[in-house]
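Take a look at the structure below.
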Amino acid sequence: MTEAGTRSVHADICVVGGGPAGLTLALLLLRSGVRVTVVERSRSLDREYRGEILQPGGAALLDRIGVLEGARKRGGHEHTGFRFADRGRALLVADYSRLPGPYNRLLSLPQRHLLEELLERCGQFDEFRYLPGRRASQLLRDDRGTVRGVTATGDEGVEVLAHCVVGADGRYSKVRRLAGIEVDRAEAFAHDVLWFKLPADGDTDPHVRIVRGGGNPVLVYRSYPDTLQIGWTLPHGGYRDVAAKGIDHVTREITKALPRYADRIAERLNGVADLTLLDVFTQEARVWTADGLVLIGDAAHTHSPIGAQGINLAVQDAVALHPVLMTALEHRTADTDILERFTRRRRPAVRRVMRFQALQSKAMLSQNPVAARVRPRIAGVVSRTPLFRTILRHVAYGDQDIAVAEEHFVRR
């Protein structure tokens, strides 16, 4: 029943969360003739984003559905690969140009640019409804307990009645909590990350870098429009202690790893408010589906920033779920028997990424003295073996069997 002051809208699929996973899925469904409503808690795209490195696998899929070029034209930077340096010595260089083209570059693409392009494309369909500034507050269920929609609250309450609800609302998913789905959280990483930006000032290094020097390791890459994205690692859960020591302490510690940027760091960092904390952990929802409900992206599985897999996995989830939802709509049922096809398809690949990220973190970020001694030798051996090429392809492309199900498209 609709509450007073709440209107009802009808859709085939309701997507909660207008991030890369949710909007990619929305566009795929719209191109397949499906009515889609997206509920997004933010009122606009004018906000801070962290993940913006796009791996070749995600780029290929976004290009296939026609949004990559438009997003790139809004601004971004190509990177030729990944570089891991310790006290000025390059221990490992992953040269993406050795991969088969045309998708053989990393792309630093502001997430806002990708979302703007996806929204613009979705807006070309009459079957699309976008509800920003609204939060999911209740799951609507039928007599059998099957999810049949969601109540979204904001300036105006809305009930979205749908054949299936997709929770694409991030690592702290409200949809997941409303469904009573528990998560298994693993503190598998010894570091959190404090993010900030510096003026690039002519720095044209083409690599995404992890830099070790004095102090904790730092992530560095060129970002749009002409800035450097800096991620300073600190002990996991140690932000309160670091913040208590003040910004001067933070500035000194970051400068130990990036002495060449000392003047810019001192000028940019005036207080802890200039830093954004990313609590690094992995978690996986114990189940990804229920009758009438499916979780994708960070709502189903949350990852470390190591290896830049977030957007890749989000896009691949959307592409993999698209034909499953088309089957559900065709059979007029969104029972778990059908939706679990998505879980079976994606869970093994996601878990491989989780395991590999944990290994990457230990190999590159560990402060253990023994690790510091053996790290250069191991990196040198690995980089000269065929195994390294296999690892690089795995990181760059992820699950290479994921393909856009264009047979379902009714509009190009």
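Reported count of residues in segment 139-168, each being in contact (Cβ under 8 Å) with a residue 12 or more places away in the chain and either more than 18 Å from Ile13 (Cβ to Cβ) or under 19 Å from the mean Cα position of the chain (by Cα) (or both), is 10.
So that you can scan it fast, the table gives a plain yes or no per residue for (1) in contact with a strand residue (DSSP E or B) (Cβ under 9 Å, 6 or more places away or on another chain); (2) open to solvent by 20 Å² or more (accessible area, probe 1.4 Å):
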residue: Val15; (1), (2): yes, no
residue: Leu25; (1), (2): yes, no
residue: Arg47; (1), (2): no, yes
residue: Arg50; (1), (2): yes, yes
residue: Gln55; (1), (2): yes, no
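Counting only strands (runs of 3 or more DSSP E) wholly contained in segment 181-283, the ones carrying 3 or more residues that are modelled with pLDDT of 90 or more and either more than 23 Å from Arg355 (Cα to Cα) or open to solvent by 60 Å² or more (accessible area, probe 1.4 Å) (or both) occupy 191-199, 218-223, 227-235. Enumerate the strands (runs of 3 or more DSSP E) found wholly within segment 35-137, keeping only those where 3 or more residues are more than 18 Å from Gly310 (Cα to Cα) and in contact (Cβ under 8 Å) with a residue 12 or more places away in the chain. Here the list reads 36-40, 81-86, 89-95, 128-132. For Val287, the test of being of a type outside the set (Asp, Glu), buried (at least 24 other Cβ atoms within 10 Å of the Cβ) and not in a helix (DSSP H, G or I) is failed. Filtering Val34, Val38 for residues that are open to solvent by less than 30 Å² (accessible area, probe 1.4 Å) and more than 20 Å from the chain's Cα centre (by Cα) leaves a single hit, Val34. Considering segment 307-347 alone, what residues qualify as being surrounded by fewer than 18 Cβ atoms within 10 Å (Cβ to Cβ) and at positive phi? Listed by number, the list holds a single entry, Arg332.
The rows are residues; the columns are (1) loosely packed, with under 14 Cβ neighbours inside 10 Å; (2) at pLDDT 90 or above; (3) within 23 Å of the chain's Cα centre (by Cα); (4) of a type in the set (Val, Ile, Thr).
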site	(1), (2), (3), (4)
Gly58	no, yes, yes, no
Val67	no, yes, yes, yes
His77	no, yes, yes, no
Phe82	no, yes, yes, no
Ser97	yes, yes, no, no
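From the list Gly123, Gly167, the lone residue that is closer than 25 Å to Gly33 by Cα, modelled with pLDDT of 95 or more and touching a Lys or Arg at 6+ places or on another chain (Cβ under 7 Å) is Gly167. How many residues does segment 103-132 contain that are open to solvent by 30 Å² or more (accessible area, probe 1.4 Å), touching a strand residue (DSSP E or B) at 6+ places or on another chain (Cβ under 6 Å) and more than 26 Å from His207 (Cβ to Cβ)? Here the count works out to 4. Of all residues in segment 382-407, those that are assigned to a helix (DSSP H, G or I) and in contact with a Lys or Arg (Cβ under 9 Å, 6 or more places away or on another chain) total 4.
Would you confirm, using the coordinates I've provided, whether Arg171 is in a loop (DSSP other than H, G, I, E, B), touching a residue at least 12 places away in the same chain (Cβ under 8 Å) and either within 24 Å of the chain's Cα centre (by Cα) or within 29 Å of Pro217 (Cα to Cα) (or both)? Yes, satisfied. Taking the numbered list (1) hydrophobic (A, V, I, L, M, F, W, C); (2) modelled with pLDDT of 70 or more; (3) surrounded by fewer than 17 Cβ atoms within 10 Å (Cβ to Cβ); (4) farther than 16 Å from Pro217 by Cβ in turn, Leu359 passes all entries but (4).
The values are calculated or read from the model by the stated rules, or taken from the named source; none is laboratory data. Please read these numbers as outputs of a predicted model, since none were measured by experiment. We place every Cβ from the backbone using ideal geometry, glycine too, and count neighbours over all the protein chains shown. Calculation scope for accessible area: heavy atoms of the full protein, side chains included, ligands and nucleic acids excluded. Shrake-Rupley method; radii C 1.70, N 1.55, O 1.52, S 1.80 Å.
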